[in-house]
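Here the structure is laid out as structure tokens; the discussion comes afterwards.
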Amino acid sequence: MEGSGAVNGLGKLKAHLDNIAFSHSVFALPFAYMGAVLASGGLPPWRDLFWITLAMVGARSSALAINNLVDLKYDRIHPRFTKRPLVSGVIARWEAVTFIVGSLAVFLLAASRLHPVCLRLAPLAIVPFVIYPYMKRISWTCHLVLGLALACAPVGAWLAVRGDISLAAIVLGTAVAIWIAGFDVIYGCLDVDFDRAQGLHSMPVRFGIDQALVLAKLMHSLSISGFIAVGVMLGLGWPYFTGVLLAAGVLVYQHTIVSARNLSAVTQKYFMRNGLVSIFVFLFTLISLELR
């Protein structure tokens with residue numbers, strides 16, 4: 001019976017965290033903090049940081065759980081996903097639904113404790129990660145929808161602190177969106193054969209792996225350009241641009257070890273290394289603001 005394994009308590013919690021790849025929060029959370037510190041010109045009140053963190057955790061957790069639930073019929077026959085808790089039955093579908101509802105409740109609660117506009121606009125933040133799993137069924141632009149979902153992190157945090165959205169915040173959100181979309185294209189190269197067999201869509205399926213990797217390089221170049229533009233628009237100092245340079249170095253390295261003929265480097269380690277981009281840019285943003 002689904003979910004009938006002898007897993008409860010902390011074991012069940014760990015299964016849910018594994019199901020949503022909780023450790024991958026490293027991708028979006030630093031950019032949320034970046035949006036917050038840029039909006040406030042330094043560290044915002046700890047109360048705001050607490051609720052921004054909770055909002056991010058709730059939003060991301062529900063997004064990943066929705067994606068895994070919607071894609072369950074594909075994940076069950078995908079060779080790489082046999083050990084996922086929802087696939088193996090460690091987590092039952094009703095438990096996944098309960099987790100999604102709870103995560104959304106946490107997100108909405110956190111939004112209600114931030115600037116009043118955050119709760120009013122919360123449904124707009126939810127839309128991208130609800131439609132993303134279905135986009136893979138209809139269009140190769142699915143990677144851009146994922147990027148839009150991640151863009152809500154810095155833009156939403158900026159909004160939480162200031163209650164408005166500036167051009168710099170939009171450029172930052174766009175840079176984040178293109179960054180994660182480019183990485184998702186690379187990751188999607190692993191699934192070309194499976195996706196084609198199942199009638200799913202992606203840039204690698206539509207354009208081939210060679211061209212998809214070229215598009216990923218282009219997107220990452222545009223992303224770095226966007227981060228540079230943010231620094232110029234907000235008058236950030238040399239430490240910020242040092243962080244952007246380090247992030248660019250990470251992306252260049254990641255592209256040098258991947259090719260259409262050898263995707264063996266696209267592993268969990270490769271995946272987590274991409275998180276250095278958001279960490280570098282955020283930390284050096286904070287240093288730049290503190291040295292003003």
Scanning the range 242-267 residue by residue, the ones that are at pLDDT below 95 and either hydroxyl-bearing (Ser, Thr, Tyr) or more than 23 Å from Ala151 (Cα to Cα) (or both) total 13
Yes/no for Gly156 being within 17 Å of the chain's Cα centre (by Cα), open to solvent by 20 Å² or more (accessible area, probe 1.4 Å), farther than 30 Å from Leu263 by Cβ and touching a residue at least 12 places away in the same chain (Cβ under 8 Å): yes
Anything in the range 67-123 that is of a type in the set (S, T, N, Q), loosely packed, with under 15 Cβ neighbours inside 10 Å and either within 17 Å of Gly156 (Cα to Cα) or at pLDDT 90 or above (or both)? List them, or say none. Thr98, Ser112
Is the range 280-292 home to any residue that is surrounded by fewer than 20 Cβ atoms within 10 Å (Cβ to Cβ), touching a residue at least 40 places away in the same chain (Cβ under 8 Å) and acidic (Asp, Glu)? yes
Mind checking whether some residue in the range 163-178 is part of a helix (DSSP H, G or I), modelled with pLDDT under 95 and either of a type in the set (A, V, I, L, M) or over 19 Å from Asn67 (Cβ atoms) (or both)? no
Being among the hydrophobic types (A, V, I, L, M, F, W, C), outside any helix (DSSP H, G or I) and surrounded by 18 or more Cβ atoms within 10 Å (Cβ to Cβ) narrows it down to one residue among Leu251, Leu236; which is it? Leu236
As an exercise: evaluate Ser264 against (1) in a loop (DSSP other than H, G, I, E, B); (2) open to solvent by 60 Å² or more (accessible area, probe 1.4 Å); (3) more than 27 Å from Lys136 (Cα to Cα) and give the number of the one condition it does not meet. (3)
Is there a residue being closer than 23 Å to Ile77 by Cα, within 17 Å of the chain's Cα centre (by Cα) and open to solvent by less than 10 Å² (accessible area, probe 1.4 Å) anywhere in the range 164-187? yes
Matching residues in the range 198-208 (in a helix (DSSP H, G or I) and within 12 Å of Tyr187 (Cβ to Cβ)) number 2
Would you confirm whether any residue within the range 17-24 is closer than 30 Å to Leu251 by Cβ, at pLDDT below 90, among the hydroxyl-bearing types (Ser, Thr, Tyr) and open to solvent by less than 30 Å² (accessible area, probe 1.4 Å)? no
On the basis of being assigned to a helix (DSSP H, G or I), among the hydrophobic types (A, V, I, L, M, F, W, C) and either within 16 Å of the chain's Cα centre (by Cα) or under 19 Å from Ile180 (Cβ atoms) (or both), does Phe107 make the cut? yes
Per the filter on the range 132-142, residues open to solvent by less than 70 Å² (accessible area, probe 1.4 Å) and either in contact with a Gly (Cβ under 7 Å, 6 or more places away or on another chain) or β-branched (Val, Ile, Thr) (or both) are Thr141
Any residue in the range 197-208 that's free of Cβ contacts under 8 Å to residues at least 40 places away in the same chain and under 21 Å from Pro79 (Cα atoms): show its pairings with residues that are surrounded by 14 or more Cβ atoms within 10 Å (Cβ to Cβ) and not charged (D, E, K, R) at Cβ separation under 6 Å, as long as the two are six or more apart or on different chains. Pro204/Gly188; Pro204/Cys189; Pro204/Val192; Pro204/Ala212
Filter result (without any contact (Cβ under 8 Å) to a residue 60 or more places away in the chain and open to solvent by less than 10 Å² (accessible area, probe 1.4 Å)) within the range 33-60: Gly58
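The values are calculated or read from the model by the stated rules, or taken from the named source; none is laboratory data. Bear in mind that the values here come from a model prediction, so they are computed numbers and not experimental data. Here Cβ is always computed from backbone atoms with ideal geometry, including for glycine, and neighbour counts include all displayed protein chains. The accessibility values were calculated without ligands, DNA or RNA, using every heavy atom of the protein model including side chains. Shrake-Rupley method; radii C 1.70, N 1.55, O 1.52, S 1.80 Å.
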